[in-house]
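K.L.:
Structure below; questions to follow.
None of the figures in this text is laboratory data; all of them are computed from the coordinates on show. These figures come from a predicted structure and were not determined experimentally. Here the Cβ positions follow ideal geometry from the backbone for every residue, glycine too, while neighbour counts run over all protein chains shown.
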Amino acid sequence: MSKQRILIARAMFPEVIDKLAVHFEVESNQEDAPWSQEEFAKHLADKQGVFTTGSDRIDAALLSACPHLKICANMAVGYNNFDIAAMTAAGVLGTNAPGVLNETTADFGFALLMAAARRVSESEHWLRAGQWDRWRYDLFAGTDIHGSTLGIIGMGRIGQGIARRGAHGFGMQVIYHNRSQLDAATEAECKARYVGKEELLRSADHVVLVVPYTPESRHTIGAAELAMMKPTATLVNVARGGIVDDAALAAALREKRIAAAGLDVFEGEPSVHPDLLTVPNVVLTPHIASASNATRLAMANLAADNLIGFLIHGKPLTPLNLEAMASKTASAP
Ligand code: DGY
């Protein structure tokens, strides 16, 4: 029997391609060519499965050009690049890569927080520019992390990892806001207290965002929310671009209405709002919060195992819309 065909949409670990090639006829974009949606659809037209990253968009137009497609396996926990409703309507399963990146991403959230609050990037640029001629009492003085109040918006597994680091490692008071309050045991483990969003913004010394992107969470932090924050506060976004209104944030940073920010994700990335590029008190990184070698390999393996699990064994590991697909089939006339 001939093998099913899959597409790997972006350059990928050779060992993950080799593992998939045992089961499938694999086409991979190993040269990492930047495809238009039309080119992507052409490469995918005869495939049963696709391995995507968070920047590969699966939408209704693409699906209509890919009649054989059964599964899109995302090498990311976030899946706002998937139109899940369109996929369900087309009978295409989506899978994501949860779990394997929590601690690595929490590490990075903390790294951005420390770098922004203690002005690491800003002072390094200044030093490299040859401006350090003598010491001053207030040279790049920032805001303390230890003993301060950490506010986390979005208290899933990554948020909880950041809370544990803050509470247990740095003696921070942790407050959080989330769609729903955590159970008492998890709150105790994270030493975290549930508060409303406004209370969090007004009382936190540092605010970290870890909410998934949805139309409702767009601009969770805009001009009004920035106005509630302390002038000494730090804002960190390791969630998704669009959770913060980047133009409003750039203005608040420039006018020192908040002290600093650390951003790993941007509205419309890889473009970055030009105003953010000109303010010194923000640390900017190119969506690398999960980028340790071990974690990126684990994410890729999970996406590959979803393709193998579903197309070969009929059992995906981390499906997103399996139930919705089943109920659609059950209700079909
Ligand atoms: C994720 O897994 O969602 C990370 O942001 C990498 O895309």
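K.L.:
Relative contact order of the chain, please, whole-number percent, based on alpha carbon pairs below 8 angstrom and at least 6 residues apart.
P.N.:
18 percent
K.L.:
Modelling each spin label as a point 7 Å along the Cα-to-Cβ direction, I'd like the Ala294/Ala251 distance in nm, to one decimal.
P.N.:
A separation of 4.5 nm, rounded to one decimal place.
K.L.:
Here's a follow-up. What ranking do 129-136, 276-283, 219-226 get when scored by the average of other Cβ atoms within 10 Å per residue, highest first?
P.N.:
219-226, 276-283, 129-136
K.L.:
Still on this structure, please answer the following. Provide the net charge surrounding Ala247, with neighbours chosen by a C-beta distance below 10 Å and charges set as Lys +1, Arg +1, Asp -1, Glu -1.
P.N.:
-4
K.L.:
Counting only residues 5 or more places away or on other chains, whose amide H sits under 5 Å from the amide H of Val208 once H atoms are built in the peptide plane?
P.N.:
For Val208, the qualifying residues are Gly151, Ile152, Ile153, Val236.
K.L.:
Give the separation of the Cα centroids, region 200-236 to region 1-63, in Å.
P.N.:
A separation of 37 Å, based on Cα centres.
K.L.:
A further question on this structure: If I take every Cα pair under 8 Å that is 6 or more residues apart in region 1-84, average their sequence separation and divide by the length, what percent do I get for the relative contact order?
P.N.:
Result for region 1-84 is 30 percent.
K.L.:
If you don't mind, another one. Would you be so kind as to identify all helices of the chain, as entire DSSP H runs, whose Cα atoms reach 24 Å or more along the helix's own axis and whose mean Kyte-Doolittle hydropathy is at least 0.0?
P.N.:
Those that pass (Cα extent of 24 Å or more, hydropathy at least 0.0) are 293-311.
K.L.:
Let me ask something else about it. How big is the Cα convex hull of region 284-329 in projection, averaged over all directions, in nm²?
P.N.:
4.7 nm²
K.L.:
Also, quick follow-up: Where Rh is the Kirkwood radius over the Cα pairs of the chain, the temperature 25 °C and the viscosity 0.890 mPa s, what D in µm²/s does Stokes-Einstein return?
P.N.:
Estimated via Stokes-Einstein, D reaches 115 µm²/s.
K.L.:
When a/c is below 1.5 the answer is rounded, else prolate if a/b is larger than b/c, else oblate, so apply that to region 5-100 with a ≥ b ≥ c taken from the square roots of the Cα gyration tensor eigenvalues.
P.N.:
rounded
K.L.:
Can you list the residues of region 10-38 with backbone N under 16 Å from a point 7 Å past the Cα of Ser64, pointing along Cα to Cβ?
P.N.:
Under 16 Å, as judged by backbone N against the label point of Ser64, lie 37-38 of region 10-38.
K.L.:
Taking Lys3 as the anchor, which lysines have their alpha carbon closer than 26 Å to its alpha carbon, excluding any fewer than eight residues away along the same chain?
P.N.:
By straight Cα distance, Lys3 reaches Lys19, Lys42, Lys47, Lys70, Lys315.
K.L.:
While we're looking at this one, here's another question. What 222 nm value per residue comes from the helices of the chain, counting each DSSP H run with n ≥ 4 as -39,500 (n - 2.57) and dividing by all residues, nearest 500 deg cm²/dmol?
P.N.:
Calculated at 222 nm, the ellipticity per residue is -10500 deg cm²/dmol.
K.L.:
Sticking with this one: Quick one: what are the phi-derived ³J(HN,Hα) couplings along region 218-223, Karplus 6.51/-1.76/1.60 with θ = phi - 60°, whole Hz, x for glycine and proline?
P.N.:
Couplings: 4, 6, 3, 10, x, 4 Hz.
K.L.:
On to the next question. Go through 203-215, 186-198 and give me the packing order, highest mean Cβ count within 10 Å leading.
P.N.:
203-215, 186-198
K.L.:
Just going by the charge dipole of the chain, with Lys and Arg at +1 and Asp and Glu at -1 on Cβ, which of Leu182, Gln131, Thr278 is farthest out on the positive end?
P.N.:
Among Leu182, Gln131, Thr278, the one farthest towards the positive end of the dipole of the chain is Leu182.
K.L.:
Under 20 Å from the Cα of Lys230, which lysines turn up, not counting those fewer than eight places away in the same chain?
P.N.:
In chain and number order, the partners are Lys197, Lys256.
K.L.:
Still on this model: How much length is gained on full extension from Trp126 to Glu27, taking 0.36 nm per residue of separation minus their Cα-Cα distance?
P.N.:
In short, 31.0 nm is gained.
K.L.:
Report the local net charge at Ser292: Lys and Arg +1, Asp and Glu -1, summed over other residues whose C-beta lies under 14 Å from its C-beta.
P.N.:
Once positives and negatives cancel, what remains is -2.
K.L.:
What is the local net charge at Gly161, summed over the other residues whose Cβ is closer than 12 Å to its Cβ (Lys, Arg +1; Asp, Glu -1)?
P.N.:
My count for the surroundings of Gly161 gives 0.
K.L.:
Testing the spin-label approximation: label points 7 Å from Cα along Cα→Cβ at Asp133 and Leu322. State their distance in nm.
P.N.:
Here the answer is 6.7 nm between the modelled labels.
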